[in-house]
Amino acid sequence: MALNIALEEVVEFADLVDFVSERSHWILSTTRTDGRPQISPVTGGVTQDGYLMVSTYPERDKVHNLRRNPDVSVCVLSDYFGGNWVQIDGQAEIIDLPEAEDLLVDYYKAVVGEHPDWDEYREAMNRQGKCIIRIGVERWGPIAKGGFPRRLANLDHLAPDNEASDSDSAD
């Protein structure tokens, strides 16, 4: 059985946007007043021009933290937990209604696609008082996947042995 080897692929911005556009499970990290991280699982989307966007409510801790300190990190995960991921760092801007209305539509399109009734969607967003966290990307790490370090790739003794020996057979 082959070992699962860790991967790291350095990518250009356009490739980063392509990678993120296919993934909506994110971990958003902001900074609390005491300096510790405040971490939130979120659903995110990326615009065609490369802004990361999250729809949320203005009273959430992440919004309070970002209004005070716009530094933000996002870990974009694959649907499969052991799949590829990337960390992205940037500056966040909170956009409230009514300015957020068109951005909420962009966010929905990025995450879900077309809505059957955009007027109904806009009404719902206004009724709920939603806001958008829009993140300008400043830097990103390689697209990564966990596993064994490459230096261990040929060490067969680390691979699990799934074959039963003759002595393990039932008579």
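Here, each number is a calculation from the coordinates, and none is a lab measurement. Please read all numbers here as calculations on a predicted model, not as lab measurements. So basically every Cβ, Gly included, is an ideal-geometry build from the backbone, and we count neighbours across all protein chains shown.
Structure values in brief
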{"quantity": "Residues of the range 84-100 with amide N under 12 Å of the 7 Å Cα→Cβ point at Arg139", "calculated": "88-90"}
{"quantity": "Amide H contacts under 5 Å for Ser24, placed H, 5+ residues apart", "calculated": "none"}
{"quantity": "Taking the range 1-154 and dividing mean pair separation by its residue count, relative contact order in percent (alpha carbons under 8 Å, at least six apart)", "calculated": "33 percent"}
{"quantity": "For Pro58, net neighbour charge (Lys/Arg +1, Asp/Glu -1) across residues whose Cβ lies under 15 Å away", "calculated": "+1"}
{"quantity": "Shape category assigned to the range 7-148 from the gyration tensor of Cα positions, a/c cut at 1.5", "calculated": "oblate"}
{"quantity": "Footprinting exposure proxy for Thr31, Thr43 (fewest neighbouring C-beta atoms within 10 Å first)", "calculated": "Thr43, Thr31"}
{"quantity": "Cα gyration tensor shape for the range 101-147, rounded if a/c is under 1.5, else prolate or oblate", "calculated": "prolate"}
{"quantity": "Selection from Ile88, Ala14, Ser29 lying farthest towards where the dipole of the chain points positive, charges on Cβ", "calculated": "Ser29"}
{"quantity": "Fewest-first ranking of Asp89, Asp49, Asp18, using other Cβ atoms within 10 Å as the exposure measure", "calculated": "Asp49, Asp18, Asp89"}
{"quantity": "Fewest-first ranking of Thr47, Thr33, using other Cβ atoms within 10 Å as the exposure measure", "calculated": "Thr33, Thr47"}
{"quantity": "Cross-link reach list, lysines versus Lys130, counting only Cα pairs under 30 Å and skipping chain neighbours closer than eight places", "calculated": "Lys62, Lys109"}
{"quantity": "Long-range HN-HN contacts of Val72 with modeled amide H, under 5 Å", "calculated": "Gly90, Ala92"}
{"quantity": "Estimated FRET transfer efficiency (Asp49, Asp96; beta-carbon r; R0 22 Å; 0.05)", "calculated": "0.60"}
{"quantity": "Difference of contour (0.36 nm per residue) and Cα-Cα distance, Arg68 to His115", "calculated": "13.6 nm"}
